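Reviewing the structure listed below.
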Amino acid sequence: MKKEILFCCNLTKAPNCFTIVAMKKTVYVIGHKNPDTDSGVSAAAYARLKQLLGYENFVAARAGHFSPQTEYIFTRFKVPVPEYIPDLIPKTAYYMRDRCDTVDCHTSLWEAIGKMDAKSYKVLPVVDESGKYQSLLHYNAFAQDVLKILNPEKKSAITTSVDLVHSTLNAQPIIVKNEKELFKGTVLVGAARTETFQAVLQEHKSENLVVIASDREDIQESAIDAGIKLLVITSGNVLNKELRLKAEKQNVSVLISPYDTSSTAMLIAYSTPVSVMADATVKPVLPGDSVAKIRPLLQESVSRSLPVTNGENKVIGIISESDLLHEPNVEVVLVDHNEIIQAVEGLEHYKLLEVIDHHKLGTLATNYPITFINKPVGATSTLIANLYRENRISIPLDIAGILLSGILSDTLILQSTTTTDTDRETAEYLSNITNLDIQKLGEELIAAGSHIGGRSASEVIKQDMKEYTQGKEDYTVSQIEVDNTGEILKRKKEFLNELEIERRSRKALFCALLVTDITQLSSILLFESDEQFLQYMTFPKKEDNVYYLKDIVSRKKQLIPVITELIEQFSR
């Protein structure tokens, strides 16, 4: 499955056309913004479970960049990294229709109209030989141009070729010269007296002429003698051998049309290449363009439709105003969070199918029933691993490896106060599958995530930042596990400056970084706050803006409950 922009591009070649088949509805399994290891692992493992259960349209996704620890886990166990989706703001790709045909620029207008009529298309993208978009054929465009050609008060001049006239008329070729060469020709119907017709031929002597004649040999001969470009004999009439020899010498192409003169004249007008009649002013949009961006463009489009192209300017679909009225082809499953404030931006535009989480309940609400799994365990990875077992699905070795890592990361190698017997039993189960030592793997994970050398303060703070709202107050708490807090303290000023920048940009009450020492099972808290709130802080002060949190290692179970009480006191 190609995940580039929600669709797989399946080019099935037919004469002069390419068919693009869009991907079916996609269900993104996605964790919270600034995903930690448990969030990323849960998304990948649950998407794989759904696929093993037969739901192939489930795709693992992430709403932010992974930390070094998470990247290490996915690399070590050779599991594909979830697709990066920075937001779910409605985009063209989420609404574009299921399929779209294109037509080669050299195809006749008649053939293109036939395709549109047969499949009830309102528009048809025109592409060049390499499949790149050129223009858009719609009824308004070619109707106006055809009326100009068929206007009896003006000379009929069209761009065509002998081959296009041949295919449009289903004509019988007699003599064909330079059949692919495009020319702009004047169409004359040989219905006048011989002398009058010869005078007309003389008037158009310097032009490429297409003469339509019936069975009148005098007209046929006059046209051949004048060295016209193409002679079309109507109603299935034939050319006698003497005139055929003369036509050969004069390099005059000759076709026999099965239609009468009036029908032949009309059809020739439709033999012009579709590129001439299509609207080149219609510019394509990209699948990643937001709906807000393309909506005014659709309103300006005469056909209320626009072609959608990829980065190589190849057509991959069509988007119309009516498409925006339909449900998007995206649905969502949330893992490791259940609060809108922590969810990927734009979630509210899509149907939420499931939530699998181990945090406190937030304010999430839906207008319909969903599957909601929320249990007081140390890691969402624990829940996902047991869903495999409940569904009697064998856990693949690579998935067992990342699930074990997710549990160990979120429970600090099963030492956090959030750790339950379920986490321990599940970790042992996964350890047996993978033949990995729990303590050794856990230490490797801590080491992979604790190195901050060469990483900016902003990167460290944002790698596992969670946003909270309590009443009228907003705040953030980031967390990082280390084996020694010394390096963080040496760079204290840098981290505090970044926390203050974050606080001011969010207009938050405070922004904090919880630095957990896995060897001591305690933490320090770097804290930038509104001055009035500082007096409510009850934690032991280690340095300016740095607090010591003895025996506190869990953000959600130990720190946030205390913070909640402090904010309540501040707000009274």
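Convert 20 °C to kelvin, take the viscosity as 1.002 mPa s, use the Kirkwood radius over C-alpha pairs of region 150-275 as Rh, and evaluate the Stokes-Einstein diffusion coefficient in µm²/s, rounded to a whole number. Before the final figure, lay out the partial values.
On the way: Rh = 14.1 Å.
Approximately 152 µm²/s, per Stokes-Einstein.
As a test of reading the structure, rank Asp87, Asp101 by solvent-accessible area (1.4 Å probe, protein chains only), most first. Before the final figure, lay out the partial values.
Working: Asp87 35, Asp101 5 Å².
Listed by decreasing accessible area, they come as Asp87, Asp101.
Please sort by residue number the trypsin sites (Lys or Arg not before Pro) in region 375-426 whose DSSP state is loop and whose Cβ has at most 13 other Cβ atoms within 10 Å. Don't skip to the end; give the middle numbers.
Details: sites: Arg389, Arg392, Arg424; in loops: Arg392.
In loop regions of region 375-426 (DSSP not H, G, I, E or B), the sparsely surrounded trypsin sites (Lys or Arg not before Pro) are Arg392.
For region 332-459, how big is the tail of P(r) above 23 Å, as a whole percent of Cα pairs? Could you put the intermediate results ahead of the total?
Values: 3427 of 8128 pairs.
Distances greater than 23 Å cover 42 percent of the Cα pairs.
Dipole magnitude of region 218-358 about its Cα centre, charges +1 at Lys/Arg Cβ and -1 at Asp/Glu Cβ only, in debye to the nearest 20?
Working: 11 positive and 20 negative charges, 227 e Å.
Computed charge dipole of region 218-358: roughly 1100 debye.
Name the residue farthest towards the positive end of the dipole of the chain from the options Pro284, Ile395, Val211, assuming +1 on Cβ of Lys and Arg, -1 on Cβ of Asp and Glu, about the Cα centre.
Farthest along the dipole direction, towards plus: Val211.
For region 102-133 and region 425-443, what is the separation of their C-alpha centers, rounded to whole Å?
Measuring centre to centre over Cα atoms gives 59 Å.
What value, in deg cm²/dmol to 500, does the helix sum -39500 (n - 2.57) over DSSP H runs of n ≥ 4 give at 222 nm once divided by the residues of the chain? The partial results should precede the final answer.
Values: 20 runs with 200 residues, N = 572.
About -10500 deg cm²/dmol.
Tell me the accessible surface of Lys542 in square angstrom (1.4 angstrom probe, heavy atoms of protein chains only), to the nearest ten.
Result for Lys542: roughly 100 Å² accessible.
On the accessible surface of region 297-382, probed at 1.4 Å, how many percent belong to carbon and sulfur atoms?
Values: 1950 of 3810 Å².
Accessible surface attributable to carbon and sulfur in region 297-382 totals 51 percent.
How many nm separate the modelled label positions at Lys472 and Ile89, each set 7 Å beyond the Cα in the direction of the Cβ?
Distance between label points: 3.0 nm.
Write down the percent of antiparallel bridges among all DSSP beta bridges whose residues are both part of the chain, to the nearest 5.
DSSP beta bridges in the chain are roughly 50 percent antiparallel.
In terms of modelled amide H atoms, which long-range or inter-chain residues lie less than 5 Å from the amide H of Gly317?
Val308
Name the long-range amide H neighbours of Val27: under 5 Å, sequence gap of 5 or more, or other chain; modelled H, no Pro or chain starts.
Phe58, Val59, Glu331
If you line up the long axis of helix 291-300 against the longest principal axis of the chain, both from Cα atoms, how many degrees apart are they, to the nearest 10?
Here the helix axis deviates by roughly 20 degrees.
If you wrap a convex hull around the Cα atoms of region 459-572, how much volume per residue is inside, in Å³? Mind dumping the intermediate values first?
Details: hull volume 10.9 nm³, N = 114.
Convex hull volume per residue, Cα atoms: 96 Å³.
Spin-label point model (7 Å from Cα, Cβ direction): what's the Phe570 to Glu248 distance in nm?
9.9 nm
Could you give the semi-axes, largest first, of the ellipsoid that matches region 272-401, computed as the square roots of 5 times the alpha carbon gyration tensor eigenvalues and rounded to whole Å? Don't skip to the answer; put the middle values down first.
Numbers: eigenvalues 375, 72, 28 Å².
Result for region 272-401: semi-axes of 43, 19, 12 Å.
Please work out the Kirkwood hydrodynamic radius for region 330-392, using every pair of different C-alpha atoms, and report it in angstroms with one decimal place.
Evaluated on region 330-392, it is 12.4 Å.
How large, in Å, is region 227-315 by the Kirkwood hydrodynamic radius built from its alpha-carbon pairs?
Working: mean 1/r = 0.0576 Å⁻¹.
This gives a value of 17.4 Å.
Which trypsin sites (Lys or Arg not before Pro) in region 155-193 pass both tests, a DSSP loop state and at most 10 other beta-carbon atoms within 10 Å? Don't skip to the end; give the middle numbers.
Values: sites: Lys155, Lys177, Lys180, Lys184, Arg193; in loops: Lys155, Lys177, Lys180, Arg193.
Those satisfying the criteria are Lys180, Arg193.
Can you list residues from other chains, or at least 5 along the same chain, whose modelled amide H is less than 5 Å from the amide H of Leu137?
Leu124, Val126, Asp279
Using the alpha-carbon atoms, what tilt in degrees (0 to 90, nearest 10) does helix 380-390 show relative to the longest principal axis of the chain?
Approximately 70 degrees, to the nearest 10.
Mind checking the dipole of region 19-144: about its Cα centre, +1 per Lys or Arg Cβ, -1 per Asp or Glu Cβ, Debye to the nearest 20?
Here the size comes out at about 380 debye.
Using 0.36 nm per residue, how much length does the chain from Arg76 to Asn497 gain when fully extended, once their Cα-Cα distance is taken away?
Difference between extended and current length: 148.1 nm.
Say the dipole of region 24-85 comes from +1 at the beta carbon of Lys and Arg and -1 at that of Asp and Glu; which of Thr70, Thr37, Pro80 then lies farthest toward its positive end?
Of the options given, the answer is Pro80.
Charges only on Cβ, +1 for Lys and Arg, -1 for Asp and Glu: so what's the dipole of the chain about the Cα centre, in debye to the nearest 20? List each step's numbers first, then the result.
Numbers: 63 positive and 75 negative charges, 137 e Å.
Value, rounded to 20: 660 debye.
Expressed as cubic angstrom per residue, what is the convex hull volume of the alpha carbon set of region 16-141? Could you put the intermediate results ahead of the total?
Working: hull volume 19.3 nm³, N = 126.
Hull volume normalised by residue count: 153 Å³.
At 1.4 Å probe radius, can you tell me the per residue accessible area of region 340-433 in Å²?
With all protein chains present, region 340-433 gives 44 Å² per residue.
Return one number: the angle in degrees, 0 to 90 and rounded to the nearest 10, between the long axis of the Cα atoms of helix 397-410 and the longest principal axis of the Cα atoms of the chain.
50 degrees
Report Ser301's accessible area, 1.4 Å probe, all protein chains in place, as a number in Å² to the nearest 10.
10 Å²
What whole-number distance in Å separates the alpha-carbon centres of region 513-528 and region 530-548?
14 Å
Using the Karplus curve 6.51 cos²θ - 1.76 cosθ + 1.60 with θ = phi - 60°, what ³J(HN,Hα) values do you get for each residue of region 415-426, in whole Hz, with x for Gly and Pro?
Per-residue couplings from phi come out as 10, 5, 5, 7, 5, 10, 4, 4, 4, 5, 5, 5 Hz.
The values are calculated or read from the model by the stated rules, or taken from the named source; none is laboratory data. Please read these numbers as outputs of a predicted model, since none were measured by experiment. No Cβ is skipped: glycine too gets one built from the backbone with ideal geometry, and neighbour counts run over all protein chains shown. These accessible areas exclude ligands, DNA and RNA; they are computed on the full protein's heavy atoms, side chains included. Shrake-Rupley method; radii C 1.70, N 1.55, O 1.52, S 1.80 Å.
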